[in-house]
Amino acid sequence: MSRSEIELAAGLLKETKIFQAANLPALSESLQGRALISNYIREEKIDPNFPSEPALGLILTGRAGVHKMKAKISELGFGDLFGAVNIFTSLPGDATLITALVPTKVLYIPQSLMREFMADNLAIAEGYIAYLSQRVYFLTTKIGALTAGDSQAKLACALLELSYETKGGKQYVKIENFSALARDLDMGRASLYRALDKLEAQAIIKRKGKLVEINDSKALKAFLEN
């Protein structure tokens, strides 16, 4: 692993909730020789594990799609983490498939190194807990939205989960199959279109064919919290 790759990885990690309180030089030194970088070609499966143990993954370059039950549920890009939920559990995976959408480079931090980070720096352990707490909060609000029966709340939940952010900072969702999305949200196709129309009328989203641009993510999150 080159010095430039180490510095890039350390800088990206420093920007995440888990490592925001880390000492940058110490972080770089720990990654050297302990972390692993793997390259993937387009459409190649990205293994969420280190060769011999669970690991935390970081996208250094490229993009990856996250699929569950053959449906794309999210997209990972530059600086995104994956694997944090499962790194300290012995339970089997959740059938999530991660696939490179373009040539992609991933840094892996093995479980053993994560343990050392947390033992040496309490702030990293607290950052990890905060990251997981945020995930739990989102899943709790998602369950509430999906069981509430309100079509706009269900749609808002789906748009937030399926969205990806471009380098320009804009958020988009590509809906490949409206009928399939309606079935997943337990609503009719007409109800889905009405919900889309209402969100667009409020300028929360903007549609162009199968592409949905999210103009106001805070407004979408408000549907989950009400």
Failed criterion for Ser74 (all others in (1) surrounded by fewer than 17 Cβ atoms within 10 Å (Cβ to Cβ); (2) modelled with pLDDT under 90 hold): (1)
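Return yes or no: is Thr104 touching a Lys or Arg at 6+ places or on another chain (Cβ under 7 Å), surrounded by 15 or more Cβ atoms within 10 Å (Cβ to Cβ) and at pLDDT below 85? Spell out the reasoning first.
On the way: touching a Lys or Arg at 6+ places or on another chain (Cβ under 7 Å): yes; surrounded by 15 or more Cβ atoms within 10 Å (Cβ to Cβ): yes; at pLDDT below 85: no.
Judged against the criteria, Thr104 is not a match.
In this structure, is Gln32 in contact with a helix residue (DSSP H, G or I) (Cβ under 8 Å, 6 or more places away or on another chain) and free of Cβ contacts under 8 Å to residues at least 40 places away in the same chain? Before the answer, list the steps.
Details: in contact with a helix residue (DSSP H, G or I) (Cβ under 8 Å, 6 or more places away or on another chain): yes; free of Cβ contacts under 8 Å to residues at least 40 places away in the same chain: yes.
Yes.
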Region 158-176 residues that are closer than 17 Å to Ala219 by Cα, paired with ones that are part of a loop (DSSP other than H, G, I, E, B) and polar (S, T, N, Q) (beta carbon under 7 Å, 6 or more apart): Gln171/Ser163; Tyr172/Ser163; Tyr172/Thr166; Val173/Ser163
Qualifying residues in region 185-203 (those that are free of Cβ contacts under 8 Å to residues at least 24 places away in the same chain and not in a helix (DSSP H, G or I)) - the one farthest from Tyr172 (Cα to Cα): Gly188
Selection count, region 35-60, where residues are surrounded by fewer than 19 Cβ atoms within 10 Å (Cβ to Cβ) and closer than 15 Å to Ile124 by Cβ: 0
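For the structure I just gave you, tell me whether Leu122 is modelled with pLDDT of 90 or more, within 30 Å of Phe88 (Cβ to Cβ) and either touching a strand residue (DSSP E or B) at 6+ places or on another chain (Cβ under 8 Å) or surrounded by fewer than 16 Cβ atoms within 10 Å (Cβ to Cβ) (or both).
Details: modelled with pLDDT of 90 or more: yes; within 30 Å of Phe88 (Cβ to Cβ): yes; either touching a strand residue (DSSP E or B) at 6+ places or on another chain (Cβ under 8 Å) or surrounded by fewer than 16 Cβ atoms within 10 Å (Cβ to Cβ) (or both): yes.
In short, yes.
The values are calculated or read from the model by the stated rules, or taken from the named source; none is laboratory data. All of these numbers come straight from a predicted model, not from anything done at the bench. Because the Cβ atoms are built from the backbone with ideal geometry, glycine has one as well, and the counts that use them run over all protein chains shown.
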